[in-house]
Structures are given as C-alpha cells and as structure tokens.
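Beneath this line is the structure, given in structure tokens, with notes to follow.
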Amino acid sequence: MTKSKTNDAMTADIDYILDFSRFNEHLVDITLSFTANTSSPRLWLPAWIPGSYLMREFARHITAVYYQLEDKNTDDESTVDDGVLQRAIKVNKNTWELPQAAAGQTLKVHYEVYCYDLSVRTAYVDQTRLYGNFTSLALAVEGQEEQPVQVSLLVPTAFVAAQDLSTKGSEVVLACGLAATHLQSEEQHGYQLQAESYHELIDHPFEIAAQQSFDFIIQDKAHQTLSHRFFISGKHNANMGRLQQDITQICQTYLNWLEDAPFADYTFMTYASGNDYGGLEHINSTSLITPRNDLPSHDEPQIPSSDYQRYLGLCSHEYFHAWWVKTVRPDVMMAVDLRKEAFTPLLWVFEGFTSYIDDFMLQASGVIDQASYLKLLAAQINRYHQTDGRAHQSVAESSFDAWIKLYRSDENTGNAGISYYNKGALVALCLDLTLLQKSDGRYRLFDVVKAFYEQAKQNDKRRIGISSADMGSVISQFMPPAEWAEFERCYVNGVDVLPIDQLLEANGIAIHSDKKDSTLPWGISVQETPAGLRVNKVLRDSVASAAGLSAKDVIVAIDGIKADKKQLQNAAKSDRAMSCHAFRRDELMMFEIHTSTASGVSANPSLNKISLALKESGFEDWLTVDFTR
C-alpha cells in the first residue's frame, strides 16, 4: 500500500475494529475502544464530508450504540459492573452520551452501520466490495479527536472466496492512502491502519475488492520521485496500459506547473458502474465512480473518445484538489466543525478554478488536442447560456447557498440559480484571459494559484485558508487592483453577462452559433413517455408559464390530438391560440396557449448553442503555457 506521513510506530489511544462478516446484509459491526478523558463522555459522527457541501446526516445509518466498561472505577459506587452492556443515550441527531462511564475508565463501544450508498461520499458493503469513508463509519470521541487512532478492517474469508478474479491482473486488495499492515488468520483476512488523529483518519477512504491496479512515478522540480497507485474495481474491460500512459502525463504536467506536491504519494480509487459518476478529493487520494464505458477501450483512438475524456477530466479535477482545496482552502475550512455548515462565498474559486483547469490540463499535457478541448469548453459555455438563473444569482451567492441549493436541485433550479462549478469555470476562464490582457501576456490564472500554494508552503502546517480579501490581495499582484475590483463587482458579486465571446475572439478563437435543434418549443423541455409528454422544465416568462403549464405536468393532447414531440414542435410554429390538455398528478387540466403575446416573448426561445474553432493564429499565448514549452 502507499505510504502516508503516518508514523508506523505510533501508539494508538483510540482503536476501531470494523467487522465485515455481515456483508450480505450491508452491515458493518464496529467496536470502538478508548480511555475516557471525562466522565459521561460523548461520541459524535460528522453530518457532512469535506468536499461535498450538504448535511448528509450520516448518523441515520447507525441503528443503536452500546458500551461496556473494561475496568471499574472503585471510587465511584454508582458505576456499573465490568462488562455489562449499556445502551448509550442519544442527546442530539448525531451525538451519544455514555452516562455510566467515569474519567480514566477504558470502554468498549459497539454499534452497527448500514452501508448501501454507492456514492463516493458514504459507505457501501456487499458481496462484491467493501468501501467506506470514516466520516460515515467512525464515531469520534468528543475532546479526544487529536489522539492517535488505529483501525482494523476484518474481512471474512467468505468475502474473499466470493470475488471474481477471472480478469487478468485482478486481485483482492486494499486501496487506501494510508499505510496498511496485512492481517490474516484461518477465519478472516484483514488490514490495520494508523492515523495521527481522527481528522487525518476521515480524510482516507478505503476499498477492499477484486481490483486491477498499476503503479507509476512522476518527478518534481527537485527530481524527487512521487509514487502513485491506481486501482479500478467493478466490472469493466479498461485498457490499463493506455490509462497508465495518459494519467501519468496529466499528473506530471501538474508537477511541471506547481513544481512539487503536498503529498509524498497518491492513490487513485475508481469504481466502474453502469451510469454513476462523481469524485471526491482527499489529502493524498481520490475516490471516483464512473460509467464503465468512460474507461479507455482496447482500441481507444489516439485522440480519446468523448466518454474517455470525461473520465480523464474527472481524474484531473480531483487530483488538482490536492493543491487547491486540501492545501489552499477557504478560511472557514481550516478548523471546520463537521456537525454544522461552513458557509463561504468562495466555492466558485475552488470548484470553479478547478473546473476550468481540469480540462485545460488535458490539452496542456497533450493527452487531448486543442480542438477537443474547445469542444469541452463550448459545452461549459452552452450550459451557462442555457441556464436562465445566471441573471438572478451571482457566483458568490451560489457558493454561499451550496448547502441549501446546489445538491437539492428541483424543477426551478435552472430558472433561479447557477452552478458555481459551471459559472465558476467560466469566470476563471475570463479571469485567465483578463490577466493575460492586462499584463501584456506575462501573467495567468496559473500564476495566481501558484502564488497561493507558495504561501501555503511557508505555513507551519503547510496549508492556508483564504478569504475574499486574500483573493484580491494576491490577484492584485498580477493586475491593477482597480481592474480586479471591477471584475469582482461585475462577475463575482454581480450578475453581469460574462465577456466570454469578446475575450475568446481576442485570443484567436472563432465562435459559431449552432442553430440546429437550438430552440425550446413553448419554452419547455419534455420527455416522451407512454402516458404523454412529461414536462421537465418550464422557462420563466415563456408562453407555457403564462398559460399555467408546470414542470411534472404530462401533456396528453394539443388541439385535441395526442401529444408527441413532433406535434409540439409544429404547434409552437403556429401563431394562433390552441388548447393543451395535461394531467397534473391525477387531475386533467386544460391550458390555452397563446404563441403571439403582447409582451413580445418568443414562443420558441433559443438555447444559445455555440461551437468554437481555432483561427489561423492568436490562440498560442492562451493555449500554450510556460510549463509545457
């Protein structure tokens, strides 16, 4: 396994044993042993995981918590006898109190956790894989979070025997960014992990499954080698050689830029599924889930397919977070309390910058060509232009409201707000091109990021938290402060239209409008179902919204004729009023659609789709960065 900074000789004060014997029931039995520092100690579980800004309430998957005293405090006759199992008292949604325990006593705590969430944020256990984030599994001892921790992962031989090892190179192994000691007996296999604290432990997800893997190394500016391990589980037929080649190039390009890394080693963990997609960054690893079709095929073309590009972009995104989230981070994330929200207007900086740089680095590394990169960028731009909420919510507000909006999207999300990933990426693009313009080509967004990273390395903990004021202070080293203040006012705190077209045109990029399939009839998007046309989205100020149609309605007839997409498109071209029958829940309603309105609203609003292409020259300064020359 890869090595972390954890000291192998460390004596653990807090010990966890995770027993996976009930893997078929998606249950993990956990025993926590510790010596209490206070009487009536309390245990708590995080409500959210860093990198995913939603209160996920992991405690809901714990059935009950029990404890027993390993040694009796003879000075206190009120304590119970050794070994008697007591039920912990829940004092709030994710905190349990052990009222019979006294300071100085050693306790064993027992509880089970239900693990059946396939996402990268929680835990998943069945006969194919044992996966977990300790934010979902490990109860913290309040007031003792900084003490050394030891974890034993006990894997029954029945699980190992059930694994399919028919794929060449596949073996049952542990993938984790922490160093591991292998444990084995006749009844079970296992692994032992150590961490310097609870906070370090929860930044290291693990997976035990039949996995294929490869190793590679890259070098920093001082020619120090950094070892990397790459694991893939799940059913897939990936071209591992091609993947190793491309990932190595991408990672080395990051090192060429930033010159060194905040880790000594790094672990990529990927689970291949049908359609699931996502990733989460950690201190020296990332956990990814991807559609298996996004992995490279054995006849993958020299220019990666669009599906494979998506996966490479995901790897690039999460890898960069080791510098730009885990090392340089929002100030509120420095000593964060995982029991309550940590509000910040800067998620656009961390996720937005990353969403711009992740794809840019694919072409900077040479893994994709410039034409392919422009297609990826055009998709970001089209998504921005097709989100009407860009006129109502600033990217700073989107960041602050992540806890209540981004991860809780509904039918009105696109009308009322914007994603700090999407718009943040385009604000980063505009800032990059503005820096180039204002500095006569000397400075880039890459210089801003590197300046913050250099600051972090001077800190005792080799990480820093930054505020909006810090952003202005550093950016003003590379462009006039007044120019940054105006940029921030218009595009960060304001909702002015981003000057994407002007900046791209000035940097050798031609912009073409794509008129094909670029309208929304009546201002609605629909899906054909056996019951009729299900309305997925209704634009504000559209003829459909004026008539009263709503998302989730099922249109069954237009002017007395059974509705389908073709009929809707034809109806939208008419300038006369027409009837529309639709079910809302189980109630049939009639709406009168007027495609000609006094307000001048278009019956068929444009989707504003564009494509990008290189001009004969002028793009070189933008697309060619110094660290790749």
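Scalar couplings 3J(HN,Hα) for region 211-224, obtained by applying the Karplus form with A = 6.51, B = -1.76, C = 1.60 to θ = phi - 60°, are 9, 9, 8, 8, 10, 8, 10, 10, 10, 8, 4, 8, 6, 7 Hz; x denotes Gly and Pro. Of all aspartates and glutamates in the structure, the ones whose alpha carbon falls short of 15 Å from that of Lys565, not counting any fewer than 8 places away in one chain, are Asp517, Glu528, Asp553. Looking at the chain alone, DSSP beta bridges between its own residues are antiparallel in about 80 percent of cases. Per-residue ellipticity at 222 nm from helix content only, as computed over the chain with -39500 (n - 2.57) for each DSSP H run of at least four residues, stands at -7000 deg cm²/dmol. Taking the Cα centroid of region 175-244 and of region 456-474, what is the distance between the two, rounded to the nearest whole Å? First find each Cα centre; the distance between them is then 30 Å. Converting phi to 3J(HN,Hα) with the Karplus coefficients 6.51, -1.76 and 1.60 and the offset θ = phi - 60°, region 416-427 yields 10, x, 9, 7, 6, 5, 5, 5, x, 5, 7, 5 Hz in sequence order, with x at every glycine or proline.
For Lys93, a cut-off of 20 angstrom between C-alpha atoms picks up these lysines, skipping any fewer than 8 places away in its own chain: Lys340.
Suppose every K and R has +1 on its Cβ and every D and E has -1 on its Cβ; what is the size of the dipole of the chain about the Cα centre, in Debye to the nearest 20? Walk me through the numbers on the way to the answer.
Details: 55 positive and 81 negative charges, 384 e Å.
Rounded to the nearest 20 debye, it is 1840 debye.
At a 10 Å Cβ-Cβ cut-off, how would you order Ile511, Ile217, fewest neighbours first? Display every interim value, and only then the final one.
Numbers: Ile511 15, Ile217 12.
In order of increasing Cβ crowding within 10 Å: Ile217, Ile511.
How would region 521-593 be classified by its alpha-carbon gyration tensor: rounded, prolate or oblate, with rounded meaning a/c under 1.5 and the a/b versus b/c comparison settling the rest? Walk me through the numbers on the way to the answer.
Details: a/c = 1.30, a/b = 1.14, b/c = 1.14.
Rounded, since a/c falls under 1.5.
Okay, which of region 267-285 sit inside 17 Å, backbone N to the point 7 Å along the Cα-Cβ direction of Gln224? Inside the label zone: 267, 284-285. Hey, got the dipole for region 187-230? About the Cα centre, +1 on K and R Cβ, -1 on D and E Cβ, debye to the nearest 20? Computed charge dipole of region 187-230: roughly 220 debye.
Using 0.36 nm per residue and subtracting the Cα-Cα separation, the extra length available between Ser596 and Ala510 on full extension is 27.5 nm.
When Lys615, Lys405 are ordered from fewest to most other Cβ atoms inside 10 Å of their Cβ, what list results? Show your work: numbers first, answer last.
Values: Lys615 12, Lys405 21.
Exposure proxy ranking, most exposed first: Lys615, Lys405.
Here r is the Cβ-Cβ distance between Asp299 and Asp260 and R0 is 30 Å; the resulting FRET efficiency, rounded to 0.05, is 0.20.
Mind putting a number on the dipole of region 372-411 about its Cα centre? Charges go on the C-beta only, +1 for Lys and Arg and -1 for Asp and Glu, and I need it in Debye to the nearest 20. Present the calculation step by step, with values, prior to reporting the outcome.
Values: 5 positive and 5 negative charges, 46 e Å.
Here region 372-411 has a charge dipole of around 220 debye.
Note on the chain: dipole from Cβ charges, positive end direction compared against His392, Thr253, His298; the farthest Cα belongs to His392. Here the residues Lys537, Lys235, ranked from fewest to most Cβ neighbours within 10 Å of their Cβ, fall in the order Lys235, Lys537. Here's the list of lysines a cross-link from Lys450 could span, going by alpha-carbon distance under 23 Å and ignoring same-chain residues fewer than 8 apart: Lys221, Lys326, Lys423, Lys438, Lys461.
Counting only alpha carbon atoms, the long axis of helix 240-258 and the longest principal axis of the chain meet at about 90°. Rounded to the nearest 10 degrees, the angle from helix 353-364 to the longest Cα principal axis of the chain is 80 degrees. In plain terms, the chain from Glu171 to Ser617 could stretch by 155.5 nm, reckoned as 0.36 nm per residue minus the Cα-Cα distance.
The residue list Ala36, Thr157, Ala123 was ranked by how far each Cα lies along the charge dipole of the chain toward its positive end, using unit charges on Cβ atoms, and Ala123 comes out on top.
For region 320-426, just say rounded, prolate or oblate: build the C-alpha gyration tensor, square-root its eigenvalues into a ≥ b ≥ c, call rounded for a/c under 1.5, and beyond that prolate if a/b exceeds b/c, oblate if not. Could you put the intermediate results ahead of the total?
Values: a/c = 2.83, a/b = 1.20, b/c = 2.36.
Because a/c hits 1.5 or more and a/b fails to exceed b/c, region 320-426 counts as oblate.
In this structure, the amide hydrogen of Thr38, modeled 1.01 Å from its nitrogen in the peptide plane, lies closer than 5 angstrom to those of Gly104, counting only residues at least 5 positions away or on a different chain. In plain terms, the chain from Met578 to Ser119 could stretch by 160.7 nm, reckoned as 0.36 nm per residue minus the Cα-Cα distance.
Residues whose amide H falls under 5 Å from that of Ser285, counting only those 5 or more places apart or on a different chain, are Thr267, with hydrogens built in the peptide plane.
Once backbone amide H atoms are built at 1.01 Å from N, Lys609 has Asp514 as its partners under 5 Å, excluding neighbours fewer than 5 places away on the same chain.
Bear in mind that the values in this text are calculations on the coordinates, not laboratory data. Keep in mind it's a predicted model, so treat the numbers as computed, not measured. No Cβ is skipped: glycine too gets one built from the backbone with ideal geometry, and neighbour counts run over all protein chains shown.
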